[in-house]
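A short worksheet on the structure shown next.
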Amino acid sequence: MSESVTDILGRIDMPVRVMDFPHWTVLFRPETYSAELIPSLTDCINLVEKARVQLRGWDFPHLSNRDTDRAQGSNWIGSWADFMGCIEYWRLYQSGQFAHVAAVREAVEGNWRQRLQQDTMSHLHHRTDIDWNAIPGYISLVNLIYNVTEYFEFAARICQAGVYRGGLDVSLELQGIKGFVLTTDWNRAWSDYRCATDDRLRKTWHLSTEILVAGSVEHSRKAIVWLCECFGWMAPNVEAIKKDQERLLSGRL
């Protein structure tokens with residue numbers, strides 16, 4: 001099995017403690033390896049500046065405007081953040097490989113966790129068998145949808161820039177989330193207890209760059225459905241997921 005993004009970034013002495021928390025990881029790998037697929041480090045920076053996704057007040061990937069929160073090596077650029085619950089680190093290599101890790105914000109921000117627990121208790125008020133104090137954390141369905149949509153959109157924009165050609169592997173991981181409960185806002189229908197039983201969820205999609213550009217939203221939706229099923233939500237409401245994606249992409253948040 002090929003290395004995961006956690007394996008790759010785990011060997012790096014990162015300036016933020018992102019892996020101390022449950023975290024998302026994203027990895028893009030071009031189908032064919034070329035050490036200088038992106039000709040220079042300046043081209044790498046320019047690519048991220050043009051392709052990053054800015055739909056809800058925080059860009060993906062976050063490219064800091066402070067020199068102290070950026071770095072570069074012989075064949076890569078990177079940036080990081082530790083700001084108001086946003087803890088992340090990423091690298092883009094000249095080979096086109098992109099690796100990103102971000103703490104689960106629902107686990108970092110205490111107020112968010114408290115609100116999600118209250119909403120879930122309201123949804124499941126009829127359940128008397130749940131030990132709410134034993135639940136390690138919660139995953140917001142809406143935030144999950146937004147995150148995954150942004151991941152695939154960024155990949156599609158790099159394809160549109162002509163960097164990736166042929167095929168591309170997109171790998172997602174959600175790690176450290178055993179026992180976490182998938183939930184949603186109080187004003188949405190939610191009647192079942194949906195809990196992750198694995199500590200690490202991981203999947204890779206091999207996609208044609210042309211197909212990804214033409215349908216990044218549809219491909220991200222497949223990944224969202226897979227994640228929902230991993231939490232025990234079988235046959236999730238695809239139309240509801242689609243509406244949340246449309247709301248994000250249209251800027252109606």
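Each label was represented as a point 7 Å from its Cα along the Cα-to-Cβ direction; for residue 56 and residue 240 these points are 1.6 nm apart.
Its DSSP H runs of at least 4 residues, each contributing -39,500 (n - 2.57), put the calculated 222 nm mean residue ellipticity of the chain at -10500 deg cm²/dmol, to the nearest 500.
Given R0 = 30 Å, the distance between the Cβ atoms of residue 203 and residue 178 translates into a calculated FRET efficiency of 0.95. For the Cα atoms of the chain, what angle does the longest principal axis make with the long axis of helix 41-51, in degrees from 0 to 90, nearest 10? That works out to roughly 40 degrees.
When the chymotrypsin sites (Phe, Trp or Tyr not before Pro) in the stretch 101-173 are filtered for DSSP coil states and for at most 10 other beta-carbon atoms within 10 Å of their beta-carbon, no site remains. Around residue 163, what is the net charge, scoring Lys/Arg as +1 and Asp/Glu as -1 over all other residues with Cβ under 10 Å from its Cβ? Its environment carries a net charge of +1. Identify, among 160, 83, 135, the residue whose Cα sits farthest towards the positive end of the charge dipole of the stretch 53-188, taking +1 on the Cβ of Lys and Arg and -1 on the Cβ of Asp and Glu, with the dipole about the Cα centre. Looking along the dipole axis, the top candidate is 160. For chymotrypsin sites (Phe, Trp or Tyr not before Pro), the sites in the stretch 29-107 that DSSP calls loop and that have at most 10 other Cβ atoms within 10 Å are 33.
Where both bridge residues fall in the chain, DSSP classifies roughly 95% of the beta bridges as antiparallel. 3J(HN,Hα) along the stretch 102-108: 9, 4, 5, 5, 5, 8, 7 Hz, from the Karplus curve 6.51 cos²θ - 1.76 cosθ + 1.60 with θ = phi - 60°, whole Hz, x for Gly and Pro.
Ignoring the sites themselves, the chain has its longest run without GluC sites (Glu not before Pro) in a DSSP loop having at most 14 other Cβ atoms within 10 Å at 37-253.
Shape class for the stretch 79-124, computed from the alpha carbon gyration tensor (a ≥ b ≥ c): oblate, with a/c not under 1.5 and a/b at or below b/c. Here the chain yields Rg over Rh of 0.97, to two decimals, using C-alpha coordinates and the Kirkwood radius.
Sequentially through the stretch 205-219, phi angles give Karplus couplings (6.51, -1.76, 1.60; θ = phi - 60°) of 10, 9, 10, 5, 4, 5, 5, 5, 4, 6, x, 5, 5, 5, 5 Hz, Gly and Pro residues having no value and appearing as x. Computed from point charges on the beta carbon alone (+1 for Lys and Arg, -1 for Asp and Glu), the dipole magnitude for the chain about its Cα centre is near 360 Debye.
Relative contact order of the stretch 5-250, taken over Cα pairs closer than 8 Å and 6 or more residues apart, is 22 percent.
Between the helical axis of 141-160 and the longest alpha-carbon principal axis of the chain there is an angle of about 20 degrees.
Taken together, the values in this text are just the output of simple stated rules run on the coordinates, not laboratory data. This is a predicted model, so every value here is computed, not measured. Please note: Cβ atoms are built from the backbone with ideal geometry, for glycine as well, and neighbour counts cover all protein chains shown.
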